[in-house]
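A.B. asks: This is the structure I want to talk about, given as structure tokens.
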Protein chains: 2
Amino acid sequence: MEDIDRYFCNGISVDNVIFGFDEDRLNVLLIKRGIDPFKGKWALPGALVKPEEHIDTAVARVLKQLTGLEDVYLNQVGTFGAPDRHPDGRVITIAYYSLINIRNYSVTPTSFANQSQWHPIEKVQELAFDHNMILDVCLNNLRKELRNKPIGFNLLPQKFTLTQLQSLYEGILNRKLDKRNFRKKVINMKLLVDLDQYQEGVAHRPAKLYSFDEARYHQLVEEGISFELKESKNSKPIRQASTFSQLSSI
Amino acid sequence: MEDIDRYFCNGISVDNVIFGFDEDRLNVLLIKRGIDPFKGKWALPGALVKPEEHIDTAVARVLKQLTGLEDVYLNQVGTFGAPDRHPDGRVITIAYYSLINIRNYSVTPTSFANQSQWHPIEKVQELAFDHNMILDVCLNNLRKELRNKPIGFNLLPQKFTLTQLQSLYEGILNRKLDKRNFRKKVINMKLLVDLDQYQEGVAHRPAKLYSFDEARYHQLVEEGISFELKESKNSKPIRQASTFSQLSSI
DNA sequence: CCAAAAGTGTTGTTAGTACACCCATGG
DNA sequence: CCATGGGTGTACTAACAACACTTTTGG
């Protein structure tokens, strides 16, 4: 193995796929790049890992820099290492995703970004680098996780209605679910706390408000759940994916 | 971001966790390192990614160099990036696991290794670098995958008995399963082909031989399966894990 | 009184679990 | 004839799927 130094000239970056939920659609946070390469293009928020920095530390740092958020659920999804994926040199990137509540957050563009913005997932167009591929992989991953862990609750306000919870699941999974079966299922999980409060000021029968039980939540994250409800009749996608978000995965 | 070059001095390696199955135990392939650092220690077979090499190509290359195998099921599990994990400099490593049939394979140590050997999983001792952690994460991953995909068939000979298949599952999951329920389940998967052949020369009733249906296999890999058989009574581990293989995961 | 969303129960089906005895062969 | 592992069926339970009408509120 001659010329060992040639093996030590790689950059390492982390990219964050930050999902947020708003009304009934799943969004992803993108930045508009303020510098080359891909200046002016939308991209996932990410940055190079510093020398001597642990990659898990780096991703938390980047997330904090871009969103101000700490202590969020962060999940390493995969590493992307095509030799030409970055035009300025060899940079492999480690992708993470996280879920945040879109309302607890305010955008803080960095020097690399001149704009940060939520984008509905099905409207995402061509992104910088290989970020469309990364996004697709993370989205697949999110959907898989949603079936095995009670995540998704991260995306709701403190107090929520069962209908909001259901449309969150429908939004992420992109399919309709049966109302009665959905309710039966989530109530049986014993994860919800009935607050004995109701919506106010709505032009229909007001819905009961729930929050969820932190302790039980963490227990279920550990144990895993199985969330496999189907609505066979309407199992077609609610919305079509855009040209660039085609869930190709790998 | 002053001194950009300091960001481009990282090494990237791939490490392979190669599982093999033999009789009724799960094994992992380790090499004894022939060079420093950790000379003489057992380690996962891995190597640096070449400049201009795709990481997925690199892992296949390393696997081929070490085992002669091609076209095996290779699964990226995660990336490990503690800054001090390699004593000679910053090297992050991308871990993959694969499953092979222990009999189709012959060991070919490289210049870095003076010995390659199968180790029963529960006897693995302290390994070089952070390889114990990587092994634990891969083992967890294998067990998770085993419940969701019909992998594990990779580990059996072409023709096998249902008892062999069951002890494979028991060996990987490290728990006893109920014979009748196990058979009911796998036969319902319609994955097995009854060869109408029988074992010969055994000192007991000869078992029927099966192979499995390639097309159906690939279909099930796509669709995913749910393999959740329990034997509640005997749900204690068959074997205790060794000191260093403690499934800490992360 | 109308529009809009909330809320609620039953029945059939499928998948999982527990469990114990007889069978075919080689030595 | 005995030791060894191969092979089989049934009853109970839990989870899921299908499906339609009544309730409460604001305007």
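The values are calculated or read from the model by the stated rules, or taken from the named source; none is laboratory data. Here the structure is a predicted model, which is why all the values come from computation and not from measurement. Positions of Cβ are backbone-derived with ideal geometry, glycine not excepted, and every protein chain shown enters the neighbour counts.
A.B. asks: Mind checking which residues of the stretch B:74-87 are assigned to a strand (DSSP E or B) and among the hydrophobic types (A, V, I, L, M, F, W, C)?
C.D. replies: Hits for the stretch B:74-87 are B:74, B:77, B:80.
A.B. asks: Hey, among the residues in the stretch B:183-193 that are within 21 Å of residue B:101 (Cβ to Cβ) and within 12 Å of DNA strand D (Cβ to nearest atom), which one's nearest to the other protein chains (Cβ to nearest Cβ)?
C.D. replies: For the stretch B:183-193, the residue satisfying everything is B:186.
A.B. asks: Yes or no: residue A:95 touching a helix residue (DSSP H, G or I) at 6+ places or on another chain (Cβ under 6 Å) and either surrounded by fewer than 21 Cβ atoms within 10 Å (Cβ to Cβ) or modelled with pLDDT of 90 or more (or both)?
C.D. replies: So residue A:95 passes the test.
A.B. asks: Now a separate question. Are there any pairs with C-beta distances below 6 angstrom linking a residue in the stretch A:194-206 that is more than 14 Å from chain B (Cβ to nearest Cβ) and under 15 Å from residue A:163 (Cβ atoms) to a residue that is in a loop (DSSP other than H, G, I, E, B) and more than 6 Å from DNA strand D (Cβ to nearest atom), with the two at least 6 apart or on different chains, and if so which?
C.D. replies: A:199/A:207; A:206/A:199
A.B. asks: Restricting attention to the stretch B:218-230, which residues are more than 15 Å from DNA strand D (Cβ to nearest atom) and under 15 Å from residue B:165 (Cα atoms)?
C.D. replies: B:227
A.B. asks: Given the criteria under 19 Å from the mean Cα position of the chain (by Cα) and without any contact (Cβ under 8 Å) to a residue 12 or more places away in the chain, does residue B:144 qualify?
C.D. replies: The answer is yes for residue B:144.
A.B. asks: So which residues in the stretch B:17-50 are surrounded by fewer than 20 Cβ atoms within 10 Å (Cβ to Cβ) and among the β-branched types (Val, Ile, Thr)?
C.D. replies: Of everything in the stretch B:17-50, just one residue is surrounded by fewer than 20 Cβ atoms within 10 Å (Cβ to Cβ) and among the β-branched types (Val, Ile, Thr), namely B:35.
A.B. asks: Residue under question is residue A:31, and the condition is that it be in contact (Cβ under 8 Å) with a residue 12 or more places away in the chain and facing chain B (nearest Cβ under 10 Å); does it hold?
C.D. replies: No; evaluated as a whole, the condition is false for this residue.
A.B. asks: Here is a list of conditions, (1) surrounded by 20 or more Cβ atoms within 10 Å (Cβ to Cβ); (2) hydrophobic (A, V, I, L, M, F, W, C); (3) under 15 Å from residue B:10 (Cα atoms), and residue A:8 meets all of them except one; can you say which number that is?
C.D. replies: Of the numbered conditions (1) surrounded by 20 or more Cβ atoms within 10 Å (Cβ to Cβ); (2) hydrophobic (A, V, I, L, M, F, W, C); (3) under 15 Å from residue B:10 (Cα atoms), the odd one out for residue A:8 is (1).
A.B. asks: List the helices (runs of 4 or more DSSP H) that sit entirely inside the stretch A:141-250 and contain at least 3 residues that are more than 14 Å from DNA strand C (Cβ to nearest atom) and either on the phi < 0 side of the Ramachandran plot or at pLDDT 95 or above (or both).
C.D. replies: Counting at least 3 such residues, we get A:162-173, A:214-223.
A.B. asks: Could you tell me which of the residues B:20, B:11, B:40 is in contact with a Lys or Arg (Cβ under 7 Å, 6 or more places away or on another chain) and either within 14 Å of chain A (Cβ to nearest Cβ) or in a strand (DSSP E or B) (or both)?
C.D. replies: After applying the criteria, what remains is B:11.
A.B. asks: Hey, another quick one. State whether the residues of the stretch B:156-177 include one that is β-branched (Val, Ile, Thr) and within 11 Å of DNA strand D (Cβ to nearest atom).
C.D. replies: Yes - at least one qualifying residue is present in the stretch B:156-177.
A.B. asks: Filter the stretch B:60-95 down to residues that are under 17 Å from the mean Cα position of the chain (by Cα) and among the small types (Gly, Ala, Ser) and give me whichever is farthest from the other protein chains (Cβ to nearest Cβ).
C.D. replies: B:68
A.B. asks: Oh, and also: So, residue A:71, is that one in a loop (DSSP other than H, G, I, E, B), at pLDDT below 90, more than 25 Å from residue B:4 (Cβ to Cβ) and out of contact with any Lys or Arg (no Cβ under 6 Å at 6 or more places or on another chain) or not?
C.D. replies: Criteria met by residue A:71.
A.B. asks: Also: Tell me yes or no: at least one residue of the stretch B:67-87 is closer than 24 Å to residue B:133 by Cα, hydrophobic (A, V, I, L, M, F, W, C) and without any contact (Cβ under 8 Å) to a residue 24 or more places away in the chain.
C.D. replies: Within the stretch B:67-87 (the criterion being closer than 24 Å to residue B:133 by Cα, hydrophobic (A, V, I, L, M, F, W, C) and without any contact (Cβ under 8 Å) to a residue 24 or more places away in the chain), the answer is no, since none of the residues qualifies.
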